Structures are given as structure tokens and as C-alpha cells.
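This report concerns only the one structure given below.
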Amino acid sequence: MVMKEIISIHVPDVTNRDYPVYIGTDLLAQLPTLLPEHLKNHAIAIITDQTVEKLYASKLVDAFKNQNKTVSVLTFEGGEL
């Protein structure tokens with residue numbers, strides 16, 4: 001698999017919980033290699049709406065299958081509240 005260029009932007013947070021934002025193509029498949037230092041727990045929660053779940057949730061869950069992580073998908077109805 002050829003890794004495509006990925007841009008990482010560091011987002012500072014005044015609560016000392018900084019995080020990166022990754023921009024690139026095919027990132028769903030690459031997340032397990034990009035995020036290990038940020039995923040210290042064995043559980044991952046994916047929070048999404050119904051539309052995005054249908055498009056991407058299974059791909060994201062599959063990407064973490066071999067990472068010894070428990071993945072839960074929490075889906076809510078789309079639209080504004």
C-alpha cells in the first residue's frame with residue numbers, strides 16, 4: 001500500500017488536551033497507523049449521524065479490527081436540534 005501525502009495540523013487547546021487534525025486521501029484505512037499515540041485506551045467510540053454512518057462507519061470499524069480495540073458506533077438522527 002502506497003501512503004499518500006498527509007498533512008497534520010496541530011490544534012492547541014487551553015485545557016492541555018491538544019490534538020492533531022489530519023488532511024489527506026484514504027485516511028480511514030490509515031487511521032490505525034496515525035492514531036496509536038492518541039488511543040491509549042482499548043475502546044473507541046465513533047459518534048456520527050445516520051448519513052455518515054451508512055457511508056463510513058463499517059470502514060472505520062474494519063480499520064481498527066486488528067488493533068485490539070473495542071469499537072462502538074453511536075448514531076444519532078441527522079439534522080439540527
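Within segment 51-58, does at least one residue satisfy the condition of being at pLDDT below 80, surrounded by 10 or more Cβ atoms within 10 Å (Cβ to Cβ) and basic (Lys, Arg)?
Among the residues of segment 51-58, not one is at pLDDT below 80, surrounded by 10 or more Cβ atoms within 10 Å (Cβ to Cβ) and basic (Lys, Arg), which makes the answer no.
How many of the residues in segment 53-81 are closer than 13 Å to residue 28 by Cα and β-branched (Val, Ile, Thr)?
Number of matching residues: 1.
Within segment 18-50, take every residue that is open to solvent by 70 Å² or more (accessible area, probe 1.4 Å) and of a type in the set (Asp, Glu) and give me the one that is modelled with the highest pLDDT.
Top of the filtered list is 26.
Can you find a residue that is in contact with an Asp or Glu (Cβ under 9 Å, 6 or more places away or on another chain) and loosely packed, with under 11 Cβ neighbours inside 10 Å anywhere in segment 62-77?
yes
The values are calculated or read from the model by the stated rules, or taken from the named source; none is laboratory data. For clarity, every value in this text was computed on a predicted model and none was experimentally measured. Heads up, the Cβs are rebuilt from the backbone with ideal geometry, glycines too, and the neighbour counts pull from every protein chain shown. Accessible surface areas use protein heavy atoms only, side chains included; no ligands, DNA or RNA. Shrake-Rupley method; radii C 1.70, N 1.55, O 1.52, S 1.80 Å.
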